[in-house]
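See below for the structure under consideration.
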Amino acid sequence: MMRFPPPISGNRSAAKGQALTEFVIGAVLFLIPLFLIIPLLGKYADIKASTIQAARSSSVSGIPRDILSRLASECTAASPVAADTRPS
């Protein structure tokens, strides 16, 4: 059977110091990482919303022809398979 120490009756300042120590350890291990993760989640949500908005904007306004032609030429130049399958 496990025996517990008797309750502290006369020395309450030691118990207050223990509570403060436990709070500080809990704050360091839980609250500080929580406050550091919140801005990262906000940045992720902002990047996701910006990406969706850019996709919607480009689908409505279209992509300029010079960008499309440059992209197509870069893709065909970089891919040997695409160069072989082009009609002659």
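Take the residues in the stretch 1-41 that are more than 21 Å from the chain's Cα centre (by Cα), in a helix (DSSP H, G or I) and aliphatic (A, V, I, L, M); name whichever of them is modelled with the lowest pLDDT. Walk me through it before giving the result.
Going through the stretch 1-41, the residues more than 21 Å from the chain's Cα centre (by Cα) turn out to be 1-27.
Now narrow it down to the ones that are in a helix (DSSP H, G or I): 12-27.
Still in the running and aliphatic (A, V, I, L, M): 14-15, 19-20, 24-25, 27.
Values: Ala14: 57, Ala15: 64, Ala19: 84, Leu20: 86, Val24: 89, Ile25: 91, Ala27: 87.
Checked the stretch 1-41; the qualifying residue modelled with the lowest pLDDT is Ala14.
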Report yes if some residue within the stretch 60-80 is in a helix (DSSP H, G or I), surrounded by 10 or more Cβ atoms within 10 Å (Cβ to Cβ), modelled with pLDDT under 75 and in contact with a Ser or Thr (Cβ under 6 Å, 6 or more places away or on another chain); otherwise report no. no
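The values are calculated or read from the model by the stated rules, or taken from the named source; none is laboratory data. Just so we're clear, the structure is a prediction, and the values are computed from it rather than from any experiment. Positions of Cβ are generated from backbone atoms using ideal geometry, with glycine treated the same way; all protein chains shown enter the neighbour counts.
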